[in-house]
Each structure stands twice: as C-alpha cells, then as structure tokens.
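Here is the structure we will look at.
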C-alpha cells in the first residue's frame with residue numbers, strides 16, 4: 001500500500017524551483033497587461049487594506065476614507081454614504097459596514113484577505129508602482145502556490161502548466177483580476193486538496209484555513225479532505241482499515257487541527273467585535289431562502305449557475321469513469337462521489353444569501369470556487385494518461401465558456417439565455433431575483449407590486465409577477481385588458497409565477513365605463529399612458545394618465561361620423577389644460593375639467609378615432625408612487 005511518506009517520488013523534488021520560476025514569470029505578465037477590476041465587495045477590501053497599511057488595525061477611520069477617495073475617485077459614491085457614520089457614532093452606517101466594540105467601524109467582511117494584501121501593497125508602494133495592484137499580485141501569488149501543489153502531484157513542468165491552465169479555464173480567468181478573495185479561495189482550496197492528498201497535509205490544511213477566513217463554508221474541507229485521502233488509497237480486495245489508515249496518521253490529525261485553528265480566527269474576531277460568530281450571516285442571509293429553486297439556480301442557471309463555467313469539466317468527469325478498468329473505475333467513482341458531495345456541502349449554505357443576483361463575471365462567485373473539488377477530481381484522474389485530443393477538446397470547450405462568461409454584465413441575460421428566450425421561453429425560468437434584475441438592467445430589490453417583462457422583437461415573450469399582485473393584467477395589457485389562457489405559466493418559489501409567451505392580450509372594451517354615445521357598436525379602449533381602472537364612484541370612476549402622453553382609441557359604429565366630443569376629468573395639482581390631437585390632427589389645448597366641446601369637423605375620419613392627449617405637467621403623487629399623474633379621465637362623449 002502507498003503511504004503518505006512514499007507518495008512523493010524523487011522526480012517531484014527535482015526542478016521544483018525551475019518550474020515555479022517559469023510559472024512566476026508567466027503570471028507576472030498579467031498585471032502589466034490588465035488593470036485591476038474593483039468589483040463585488042472591493043470597496044470594503046480596499047478600505048480595510050488601507051486601514052491595515054496605515055495604522056495596523058482593521059477599524060476604519062476618516063483618514064483612511066480620504067485616502068481611498070483620492071486613490072479611487074470612481075468609488076466616491078459608497079464612500080460618501082459611509083462618511084457620516086464614521087464621523088458620528090449616532091448616524092446610520094452604509095450597509096456594507098458595521099459598528100463593533102466602542103463604536104469602531106469595520107467592514108462586514110473579515111479582514112483576512114486585506115491583511116494578506118498589505119504585503120504586496122507595501123512592496124508596490126515602496127517600489128513606486130500602483131499600490132492597488134496588490135490584489136492582482138495576491139491573487140496570482142495563490143495561483144503560484146497552486147502551481148507548486150500541481151508540481152508536487154504531477155512532477156513535470158508541462159503537466160503543472162496544464163493544471164494551472166485548467167484552473168484559469170474553469171473560472172480563474174474570470175476572477176483573477178478582481179479586488180476580492182474569490183481567486184484566493186479557489187486556488188487555496190484546490191491547492192489544499194492537492195497538498196493534503198499528496199504527502200503534505202499541513203500545507204493543505206493551512207491553505208484551507210486561509211480560504212475559510214473569507215468563505216467560511218470551506219471548513220467542510222476538514223471533513224472531505226481525509227475522506228478523499230481514503231478514497232484515493234482504496235484498492236480492490238483491500239481492507240477498509242488499509243484505506244482509512246492514511247487519514248489517521250498523527251501528522252494528518254495535527255494538520256486538520258492547525259487548519260481549523262486558522263479558520264477559527266474569523267468567527268473568534270466576530271464574537272469579540274460583534275458578539276456573533278458571523279456578522280454577515282446575521283445581517284445578510286435568510287435561511288428560509290434555502291430550497292430546491294435556489295439549489296437548481298446555483299448549479300443550472302444559464303446566466304450565473306456553475307454549469308456555464310464548467311460544462312466540459314463535468315462531461316470529462318463522466319467520460320473518464322467509463323474509459324478505465326473496472327478496479328480503477330471504482331476508485332475514481334468513489335473520489336468523484338466524495339467531490340460531488342463536497343461541492344453540495346459548499347453550495348447549500350450559500351443558498352441563504354439575500355442578494356442572489358450579485359456582482360459576478362458570468363458564473364456567480366460562489367459557483368466558481370465551489371467547483372474546485374470537481375477540478376480536483378479531474379486532476380486526480382489525469383495522473384493516468386489521457387489522449388491529447390481529449391484534453392485539447394476539453395481546453396477548447398472551456399475556453400469558449402470563458403469567452404461567453406466575459407461577454408455580458410451581471411445585470412444582463414447571458415447570450416445563451418437570450419437565445420432560448422427567443423425560441424422557447426418556457427424552457428428557462430430563472431430564480432425570480434435573477435430575472436427581475438436582468439430584465440430591468442439594474443441591481444435592485446425585487447418588488448412584489450411590479451411585473452417584470454422580457455421582450456423579443458418588440459413582443460413580450462416572458463413575464464414575471466407575484467400572485468399577490470392583482471394588477472398584473474392591467475400592467476401587461478392596459479387598463480381592463482386580459483391576457484389569453486393560451487399563455488404558458490410556470491410557478492417558481494415565494495409566490496412568483498412566469499408567463500411564457502408570446503403574450504397575447506385581449507383589449508378591454510371600456511364603453512360602458514367611460515364612453516357615452518347614442519350609436520350602438522361604438523367601443524372605446526385606453527391604448528397607452530394610463531393606469532388601471534379605478535371605481536371610486538361618480539366622477540372618480542375612470543383612470544389616471546401616467547406619463548407625458550396618453551392615448552384613447554374609439555372604434556366607431558358603422559356609418560357614425562361624430563362632429564364633436566367632450567372629454568371629462570379632474571386635474572392633478574399643477575395641471576390645468578391638455579393638448580388634444582385626433583387621428584394626427586392637432587386640435588389645440590382644452591380645459592377638460594370644464595367639459596369644453598372639441599370640434600371634429602377638421603379631422604380626417606376613419607373607422608377608428610385615435611385621440612392623443614399631451615399633458616401639461618405630469619407629476620409624481622408621492623415618494624412611493626412612481627406614476628406621473630396629470631388627468632383623471634372619467635367620461636368621453638361623442639356627438
């Protein structure tokens with residue numbers, strides 16, 4: 001049986017310095033060619049790094065804020081929101097920050113990543129180079145550590161470089177440039193697994209502890225790394241005692257203890273400063289959100305799910321099982337099953353976060369580093385020879401995935417999703433927050449009173465609404481309108497439902513509500529620029545205008561040629577007159593509250609009268625009412 005003491009052959013020890021030098025030179029080219037991307041929670045990490053560099057503690061001060069503003073004018077907005085809370089202990093703090101002991105202010109994220117970043121920050125500052133490239137340097141330093149772990153596992157420069165390349169093609173290319181810890185977490189997690197299972201458990205456990213400082217769910221490493229060690233030592237016909245013996249060695253147990261001690265620094269600081277083990281879990285998670293909808297979204301959403309980052313990796317893992325001898329296949333199946341369960345354990349706690357559609361490049365940040373156990377399973381399988389053509393196909397497919405992920409913003413639907421919406425919208429039903437924010441192209445709170453729509457070629461092909469919203473028909477089809485029963489529907493969670501189109505509306509005939517005419521067969525509909533029909537009784541049965549213009553369409557009875565009309569209504573504050581046009585003919589301005597007669601003798605008659613009202617001064621009714629009101633229309637009379 002192979003033991004930990006003999007797993008590292010002599011060839012692995014030869015040329016390690018040469019391999020790392022080559023890799024370091026290649027990685028050093030990246031910061032010279034690319035600017036750092038200060039996305040995600042970068043405003044916190046940057047400010048905390050400056051605080052640690054300035055005064056050696058993670059609490060934030062006004063001087064730190066002034067320096068951050070000077071270095072990053074583009075981040076003035078969040079720092080402007082933070083400043084009143086820094087100056088006045090009684091003021092409310094910007095959401096990404098919190099008060100600790102003695103009213104000191106901290107970022108809600110633990111300062112482990114910024115603490116590591118202060119080392120390259122100080123070095124760059126001393127060299128006269130842009131100091132905020134420190135995050136790029138730190139991220140790539142952990143990629144270099146990953147390279148060292150790969151060299152220990154494979155023992156050759158080509159395989160080491162291939163392993164680093166796969167890391168970049170499975171999400172590293174998306175996040176190495178971010179000023180946040182996703183790349184560090186992913187590289188440390190993967191390197192930790194490689195070290196732990198290839199004779200260096202202390203290094204592996206310490207790397208996992210560092211990863212857990214910023215992403216606490218990676219503590220599952222300390223359960224699954226020993227399990228993977230056992231799976232990799234299992235042999236057909238061997239005893240279970242032989243398989244578990246490597247995980248019970250003294251240095252393995254001590255390594256796990258050391259790694260857990262490092263990981264414990266974050267909850268211990270949170271307990272000391274905030275009185276809870278995890279301030280983010282307390283303030284920004286909701287356990288009730290955990291469920292099958294979020295779980296499916298995490299893995300299979302075509303905008304930010306894990307599948308869009310590693311589809312070829314998953315396919316290669318499945319194919320790899322069937323190209324091996326039965327005995328080897330059983331061992332690799334055990335490794336893959338353990339890695340898949342590890343991924344699931346990493347993912348489930350993340351399902352509780354409130355901000356599901358948060359800053360990302362393609363795959364969501366959690367999805368990137370949670371996929372690392374799958375990449376480990378592939379790398380474990382690559383110790384046996386694979387056809388070069390298969391590896392080239394894997395690399396090409398993953399490269400296409402990275403290009404796709406880089407092609408859109410996290411407030412946009414992915415090209416793949418847009419293509420499916422165009423031909424089969426019912427096949428793709430994203431988690432509601434993802435659809436709402438990407439349909440609106442903004443990161444915001446999802447509003448139960450809103451109806452969110454996606455259009456293709458000017459036609460609504462998909463709509464999202466909450467069942468508590470009683471105005472969905474009016475919102476989609478105009479006042480009094482109804483969409484047909486032929487529209488497909490799909491239920492998601494928390495009372496949200498999708499309508500999958502194209503959406504076909506049935507316009508409402510409001511003749512009995514708004515129209516007075518002596519001719520049978522005349523029909524009226526509100527064509528646009530109106531709110532829903534309100535039934536307040538008397539002069540308050542009708543509809544408010546909404547916007548700068550509103551339109552009315554009247555289908556005339558056969559042979560009916562009206563010579564005049566009146567429009568009756570009440571004005572909102574600041575409005576006294578309305579410009580009226582009929583069938584494109586401007587008839588002038590009128591006081592509709594006074595019921596002035598409007599002559600139609602100069603209007604070119606057609607089977608339908610299109611009345612366009614241009615309002616004088618549309619205004620919002622209040623802070624919580626987004627409508628721009630001018631006129632409440634309650635009656636149209638034709639003469």
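The values are calculated or read from the model by the stated rules, or taken from the named source; none is laboratory data. What you see is a predicted model; the values in this text were computed from it and never measured. Glycine gets a Cβ as well: all are built from the backbone with ideal geometry, and neighbour counts include every protein chain shown.
So, residue 557, is that one within 17 Å of residue 608 (Cβ to Cβ) and either assigned by the TED database to the domain that holds residue 288 or at pLDDT 90 or above (or both) or not? Spelling it out, it is not the case that residue 557 is within 17 Å of residue 608 (Cβ to Cβ) and either assigned by the TED database to the domain that holds residue 288 or at pLDDT 90 or above (or both). For the stretch 48-57, the criterion of a residue being outside any helix (DSSP H, G or I) and either outside the structural domain of residue 358 (by the TED database) or in contact (Cβ under 8 Å) with a residue 40 or more places away in the chain (or both) is satisfied by no position. Of all residues in the stretch 617-634, those satisfying the criterion of being surrounded by fewer than 17 Cβ atoms within 10 Å (Cβ to Cβ) and either touching a helix residue (DSSP H, G or I) at 6+ places or on another chain (Cβ under 7 Å) or in a loop (DSSP other than H, G, I, E, B) (or both) are 617, 623, 624. Looking at 489, 467, 411, just one residue is under 14 Å from the mean Cα position of the chain (by Cα), on the phi < 0 side of the Ramachandran plot and surrounded by fewer than 18 Cβ atoms within 10 Å (Cβ to Cβ), and that residue is 411.
Is it the case that some residue within the stretch 68-88 is closer than 23 Å to residue 134 by Cα, in the same structural domain as residue 130 (by the TED database), outside any helix (DSSP H, G or I) and out of contact with any helix residue (DSSP H, G or I) (no Cβ under 8 Å at 6 or more places or on another chain)? Taking every residue of the stretch 68-88 in turn, none turns out to be closer than 23 Å to residue 134 by Cα, in the same structural domain as residue 130 (by the TED database), outside any helix (DSSP H, G or I) and out of contact with any helix residue (DSSP H, G or I) (no Cβ under 8 Å at 6 or more places or on another chain). The condition (being crowded, with 16+ Cβ neighbours inside 10 Å and either under 33 Å from the mean Cα position of the chain (by Cα) or modelled with pLDDT of 95 or more (or both)) is satisfied by just one residue among 49, 32, 57: 49.
Of all the residues in the stretch 445-475, those that are without any contact (Cβ under 8 Å) to a residue 60 or more places away in the chain and either more than 19 Å from residue 495 (Cα to Cα) or in contact with a strand residue (DSSP E or B) (Cβ under 7 Å, 6 or more places away or on another chain) (or both) number 21. Annotation note: of 566, 608, 578, 614, the sole residue that is more than 23 Å from residue 521 (Cβ to Cβ), surrounded by fewer than 20 Cβ atoms within 10 Å (Cβ to Cβ) and modelled with pLDDT of 90 or more is 614. Look at the stretch 367-383: where a residue is outside the structural domain of residue 217 (by the TED database), no partner that is assigned to a helix (DSSP H, G or I) sits 6+ places away or on another chain with Cβ atoms under 7 Å. Whether a residue is in contact (Cβ under 8 Å) with a residue 24 or more places away in the chain and not assigned by the TED database to the domain that holds residue 214 was assessed, and residue 60 does not pass this test. Of note, residue 315 satisfies the criterion of being within 22 Å of residue 428 (Cβ to Cβ) and modelled with pLDDT under 95.
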